[in-house]
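S.K.: Can you keep this structure in mind? I'll have questions shortly.
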Amino acid sequence: MGDFGSFYLRHRKELFHYLLRMTGDAALSEDLLQESFTRFLDRYGREDPTLPLLFTIARNALFDHWRKRRPLPSGDWSGETGGENPEEGVIVREEARAVLRALGTLPEDERDLLSLAVTGGLSYREIAAVSGLSEGNIKVRIHRARRKLRDLLREE
């Protein structure tokens, strides 16, 4: 399959979940996922794919989309849970909606950094590379964003 094919298979879900947290729209997230991998291939070919670079490309694709279509996403998501128990599925979907609503109220930069850390599974060093900020600054901002999100979820 090749290095890029296995890279795609390993990281498509985490990139999709990052994009889903940022957009609140599964179809848009899927489109941006494909756009990100396509941009990656067009620009860098199949050689030495790196996760921080992929997330930078995805982030830029997302910002390009937002520039073209304002306002920012509302966080109205009705994704599938994959669970067998319907009652459990409803609870999980409601919790996911609550988290996405709370994320939607955070400033864009905090939502982005938090999504990179939680969904993307990137280290602080990798997030610093993606965002252009220092690693120490990333740690502080993510901590503050988590605290804000926790407070928002408690209020809800």
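The values are calculated or read from the model by the stated rules, or taken from the named source; none is laboratory data. Given the structure is predicted, the values throughout are model-derived calculations rather than measurements. Positions of Cβ are backbone-derived with ideal geometry, glycine not excepted, and every protein chain shown enters the neighbour counts.
Table: residues versus (1) charged (D, E, K, R); (2) surrounded by fewer than 14 Cβ atoms within 10 Å (Cβ to Cβ); (3) touching a residue at least 12 places away in the same chain (Cβ under 8 Å).
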position: Val118; (1), (2), (3): no, no, yes
position: Ala128; (1), (2), (3): no, no, no
position: Ser131; (1), (2), (3): no, no, yes
position: Gly136; (1), (2), (3): no, yes, no
position: His143; (1), (2), (3): no, yes, no
position: Arg146; (1), (2), (3): yes, no, yes
position: Arg154; (1), (2), (3): yes, yes, no
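S.K.: Right, another one. Considering Ile127, Ile138, Ile91, which residue is assigned to a helix (DSSP H, G or I), β-branched (Val, Ile, Thr) and under 24 Å from Glu156 (Cβ atoms)? Please lay out each step first, then the result.
M.R.: Working: Ile127 fails: under 24 Å from Glu156 (Cβ atoms); Ile138 fails: under 24 Å from Glu156 (Cβ atoms).
Result: Ile91 is the single residue among Ile127, Ile138, Ile91 that is assigned to a helix (DSSP H, G or I), β-branched (Val, Ile, Thr) and under 24 Å from Glu156 (Cβ atoms).
S.K.: Pick from Ser36, Ser6, Ser29: which is surrounded by fewer than 15 Cβ atoms within 10 Å (Cβ to Cβ) and within 19 Å of Gly121 (Cα to Cα)?
M.R.: Values: Ser36 fails: surrounded by fewer than 15 Cβ atoms within 10 Å (Cβ to Cβ); Ser29 fails: surrounded by fewer than 15 Cβ atoms within 10 Å (Cβ to Cβ).
One residue alone meets the criteria, Ser6.
S.K.: Right, next: Select from segment 39-50 the residues that are part of a helix (DSSP H, G or I) and surrounded by fewer than 19 Cβ atoms within 10 Å (Cβ to Cβ) and write down the one among them that is modelled with the lowest pLDDT. Please lay out each step first, then the result.
M.R.: The first filter runs over segment 39-50 and keeps only residues part of a helix (DSSP H, G or I), leaving 39-44.
Still in the running and surrounded by fewer than 19 Cβ atoms within 10 Å (Cβ to Cβ): 39, 41-44.
Numbers: Arg39: 90, Leu41: 87, Asp42: 87, Arg43: 87, Tyr44: 83.
Among those residues, the one meeting the criterion is Tyr44.
S.K.: Let me ask you something else. Residue by residue through segment 119-141, note down the ones that are at pLDDT below 90 and among the β-branched types (Val, Ile, Thr).
M.R.: The answer is Thr119, Ile127, Val130.
S.K.: Only residues that are more than 15 Å from Leu103 (Cβ to Cβ) and not charged (D, E, K, R): list them for segment 1-25, please.
M.R.: Residues of segment 1-25 that are more than 15 Å from Leu103 (Cβ to Cβ), as a first pass: 1-16.
Correct list: Met1, Gly2, Phe4, Gly5, Ser6, Phe7, Tyr8, Leu9, His11, Leu15, Phe16.
S.K.: Also: For segment 1-27, give me each residue that is farther than 22 Å from Leu106 by Cα and modelled with pLDDT under 85. Walk me through it before giving the result.
M.R.: Going through segment 1-27, the residues farther than 22 Å from Leu106 by Cα turn out to be 1-13, 27.
If the condition is that a residue be farther than 22 Å from Leu106 by Cα and modelled with pLDDT under 85, then Met1, Gly2, Asp3, Phe4, Gly5 are the ones that fit.
S.K.: Looking at segment 57-69, which of its residues are part of a helix (DSSP H, G or I), over 13 Å from Asp112 (Cβ atoms) and modelled with pLDDT under 80?
M.R.: If the condition is that a residue be part of a helix (DSSP H, G or I), over 13 Å from Asp112 (Cβ atoms) and modelled with pLDDT under 80, then Arg67, Lys68 are the ones that fit.
S.K.: Something else: Whether any residue in segment 70-77 is small (Gly, Ala, Ser) and modelled with pLDDT under 85 is what I want to check. So that I can check it myself, show each step before the final result.
M.R.: Residues of segment 70-77 small (Gly, Ala, Ser): 74-75.
Adding the requirement that they be modelled with pLDDT under 85 leaves 74-75.
For segment 70-77, residues small (Gly, Ala, Ser) and modelled with pLDDT under 85: present.
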